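A short write-up of the structure that comes next.
The values are calculated or read from the model by the stated rules, or taken from the named source; none is laboratory data. Being a predicted model, the structure only gives us computed values, none of them experimental. Note that we place each Cβ from the backbone using ideal geometry, even for glycine, and neighbour counts take in every protein chain shown.
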């Protein structure tokens with residue numbers, strides 16, 4: 001089987017190295033330990049991890065139902081990506097979240113791809129020296145089991161046709177804007193917090209609550225945008241406490257990228273995002289514990 005690395009993602013790696021290579025790890029703020037969204041043990045590996053994850057999603061989402069979820073650890077911050085079908089295919093809802101592998105961000109020579117105890121593939125040095133080869137080796141190593149026969153009509157990997165494009169745009173934005181953080185696991189509380197409901201609870205007409213994997217959440221300083229994984233609808237704050245939902249221009253990558261840059265008030269590529277100094281984003285940015293994820 002011939003594996004060709006996406007040249008667009010190869011160029012994104014080069015940009016990530018240029019923008020992140022001298023950045024120190026971002027720890028959990030001691031004055032606001034309840035706001036972990038920005039904590040990253042290895043910021044360059046985090047950005048490269050998103051790019052490698054985009055390569056996996058682009059290659060495997062539609063054909064094998066494989067998604068890649070960034071994961072927050074309560075002590076380390078964003079330290080891994082789970083390669084999984086658990087949230088992308090209804091027929092694998094009970095499959096272990098890491099059964100197809102993990103991309104580790106906080107280890108030596110990260111990102112490091114592992115599958116249980118049998119496969120360990122360090123990619124940090126290689127991806128900086130030869131990103132195309134690193135992507136090829138990763139795609140060779142990631143399992144690609146055939147999908148189980150059954151009704152896949154309502155599965156996200158069928159329904160969200162534009163998700164691989166959304167993922168690639170997200171990865172490239174993270175490569176270009178240090179401090180931009182994206183999440184794929186979002187908790188939507190059905191009770192108001194500080195007098196306000198979660199914006200996705202309101203946007204869905206009180207139909208969405210609990211853990212959802214139907215959105216990408218972007219956090220850039222004080223700005224938050226939720227984009228459906230099908231690229232269709234975006235929810236964002238117009239002014240404090242006032243949220244709007246509208247159609248996103250997801251007909252092509254360039255239009256979607258410009259739209260997100262505008263909604264997130266991102267500057268020129270390479271410009272670091274000014275981070276949130278307090279707990280303003282906690283309501284919209286909760287992430288699950290390992291125990292909750294395995295329930």
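Those residues that are farther than 18 Å from residue 174 by Cα and either outside any helix (DSSP H, G or I) or modelled with pLDDT of 50 or more (or both), I need them from the range 253-295; list them, please.
Across the range 253-295, the qualifying residues are 277, 278, 279, 280, 281, 286, 287, 288, 289, 294, 295.
Is it fair to say residue 72 is surrounded by 19 or more Cβ atoms within 10 Å (Cβ to Cβ) and more than 19 Å from the chain's Cα centre (by Cα)?
Values: surrounded by 19 or more Cβ atoms within 10 Å (Cβ to Cβ): yes; more than 19 Å from the chain's Cα centre (by Cα): no.
The answer is no for residue 72.
Just the residues that are under 20 Å from residue 274 (Cβ atoms) and modelled with pLDDT of 75 or more, please, taken from the range 28-49.
Hits for the range 28-49 are 40, 43, 44, 46, 47.
Per-residue answers, yes or no, for (1) touching a residue at least 40 places away in the same chain (Cβ under 8 Å); (2) over 21 Å from the mean Cα position of the chain (by Cα); (3) surrounded by 18 or more Cβ atoms within 10 Å (Cβ to Cβ); (4) part of a loop (DSSP other than H, G, I, E, B):
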site	(1), (2), (3), (4)
81	no, no, yes, no
88	yes, no, yes, yes
166	yes, no, yes, no
172	yes, no, yes, no
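Considering the range 60-85 alone, what residues qualify as being in contact with a helix residue (DSSP H, G or I) (Cβ under 6 Å, 6 or more places away or on another chain) and either closer than 15 Å to residue 214 by Cα or at pLDDT 95 or above (or both)?
61, 65, 66, 68, 81, 85, listed by residue number.
Take the residues in the range 110-128 that are assigned to a loop (DSSP other than H, G, I, E, B) and at pLDDT 95 or above, then tell me which one is surrounded by the most Cβ atoms within 10 Å (Cβ to Cβ).
The extreme case among them is 111.
Residue 177 - would you say it is at pLDDT 95 or above and buried (at least 21 other Cβ atoms within 10 Å of the Cβ)?
Yes; evaluated as a whole, the condition is true for this residue.
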